[in-house]
Amino acid sequence: MIGFDWPLALTALPLALIPLFTRWLLPQALPAPGAGPGRRRWHPAVYALNLAGVLGIAGFIIGASGPFLRGGEVPREGKGANVVLLIDRSSSMDDSFAGRRPGGGEDSKSEAARRILLEFIAGRADDRVGVAAFSTSPLMVLPLTDSRSALRAAIAAQGEAGLSQTDVGRGLALAMDMLKDAPQPGARAVVMVSDGAAVIAPEVQKQLRELAAAREVSLYWLYLRTKGARSIFDDGAPGERNTPQTRPERHLHLYLQRLGVPYHAWEAEDAGAVAAALEEVNRLEQHRLVTTSRIPRRDLSAWAFALAGLAALLLTLARLIEIPLRREGPAALVRWS
């Protein structure tokens, strides 16, 4: 739909009719060939130039009124999911998979995860994706969006140095809560990328169970296992001390299995394993998804002014051409009106 910034300017549009009552070409002294008494002939150029005058004035007035096409949102159907990327920003993510500061061309776990997450969102054009981070406390970095430029910036911003603690419970609660306004129909998923865990307080466990049921969310955990760390799939030897305090990653895995929602976990000891895990997430989260695309407002003033300029150029050329014809002598003179 077309709108106007200055609609009152349109009241001047009747001025565009002035060229219909004026003569643009200069009158000549000699009659047109074949003209006789009682006959009035209009050359096609007269009509063309009058029309150019009308369009020139109308174009200028319409351009001055600030015309534009209104923006808005239109439904768009695709295949994918509403996804929140939950990224661990604890200080251990700044180490390499070998458990030391990166050196000799090594990537830190954080760098590898960011690079592969960027590839992941680039291959899923229909997804609506949000970004959250957690360390000492959770932080919503970007709400659900289909803007890939905003997502790339949000993921790249996770390169800052991390903090010491890992409050994974409240991080998961924030990620699930970010899906509350996800459009329907559309699957909902949280993809957590972390190299560790911590004990989750009982009240946070209760909150997670309620959110998981309310949001109908699928959970994916990419556990970036440092070389030598215990596997989350290893229950340990009989008699070995195995508690949330001594093995928080293992018990987080067990807790997420009991949430009653679809859950998958992968262990990754290098960047290739992270990429393979995300490829599996990509395969699993291919659902019918209805989203909205925002159409920005489009300014039309330039088109109106371009029309006015083109009409003015045509009228100017006509006047410039007419002057040399008058100077060629009486044989070349023609009465145009």
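The values are calculated or read from the model by the stated rules, or taken from the named source; none is laboratory data. Predicted model only: the values in this text are computed from it and were never measured. Quick reminder, even Gly has a Cβ in these numbers, built from the backbone with ideal geometry, and neighbours come from all protein chains shown. With ligands, DNA and RNA removed, areas are computed over all heavy atoms of the protein, side chains included. Shrake-Rupley method; radii C 1.70, N 1.55, O 1.52, S 1.80 Å.
Between 149, 194, 92, find the one with the highest GNM mean-square fluctuation for the chain; connect C-alpha pairs within less than 10 Å. Of the options given, 149 has the highest mean-square fluctuation. Within the straight-line cut-off of under 29 Å between alpha carbons, the lysines reachable from residue 109 are 227, sequence neighbours fewer than 8 places apart in one chain being disregarded.
Percent of C-alpha pairs per 5 Å bin in segment 173-281, short distances first: 2, 11, 20, 22, 19, 14, 8, 2, 1, 0. Each of the peptides 273-279, 312-318 was scored by the mean count of other Cβ atoms within 10 Å over its residues; in descending order, highest first, they stand as 273-279, 312-318.
Below 8 Å between Cα atoms, with a sequence gap of 6+, how large is the relative contact order for the chain in percent? RCO, the chain: 28 percent. Each Cα pair under 8 Å and six or more residues apart adds its separation to the average, and for segment 69-180 the resulting relative contact order is 34 percent. The GNM of the chain, with springs linking C-alpha atoms under 10 angstrom apart, assigns the highest mean-square fluctuation among 151, 254, 219 to 254.
Summarising the amide proton neighbourhood of residue 192: residues at separation of 5 or more, or on other chains, whose placed amide H is nearer than 5 Å comprise 86, 220, 221, 222.
Of the GluC sites (Glu not before Pro) found in segment 195-247, the ones in coil according to DSSP and having at most 11 other Cβ atoms within 10 Å of their Cβ are 240.
Cut-off 10 angstrom, C-alpha nodes, Gaussian network model of the chain. Which of 306, 201, 112 fluctuates the most? Most flexible of the set in this elastic network: 306. Among the protein heavy atoms of segment 215-321, carbon and sulfur supply 58% of the accessible surface, probe 1.4 Å, non-protein parts ignored.
In the set (1) 24, 32, 16, 17, 10, 1, 0; (2) 32, 57, 11, 0; (3) 35, 60, 5, the label that goes with P(r) over Cα pairs in 20 Å bins from 0, in percent computed for this structure is (1).
Counting only heavy atoms of the protein chains and using a 1.4 Å probe, residue 108 has close to 10 Å² of accessible surface. Across segment 306-320, rounded Karplus estimates of 3J(HN,Hα) from the backbone phi angles (6.51 cos²θ - 1.76 cosθ + 1.60, θ = phi - 60°) give 5, 4, 5, x, 5, 5, 5, 5, 5, 5, 5, 5, 4, 5, 5 Hz, Gly and Pro being marked x. Charged neighbours of residue 249, selected by a Cβ distance under 11 Å, balance to +1 (K, R count +1; D, E count -1). In the chain, the DSSP-assigned H stretches of four residues or longer account for a calculated mean residue ellipticity at 222 nm of -11500 deg cm²/dmol, using -39500 (n - 2.57) per stretch and the full residue count as denominator. Taking a quarter of the surface of the Cα convex hull of segment 121-197 gives a mean projected area of 5.3 nm². Straight-line cross-link reach from residue 206 at under 30 Å between alpha-carbon atoms covers these lysines, not counting any fewer than eight positions away in the same chain: 180.
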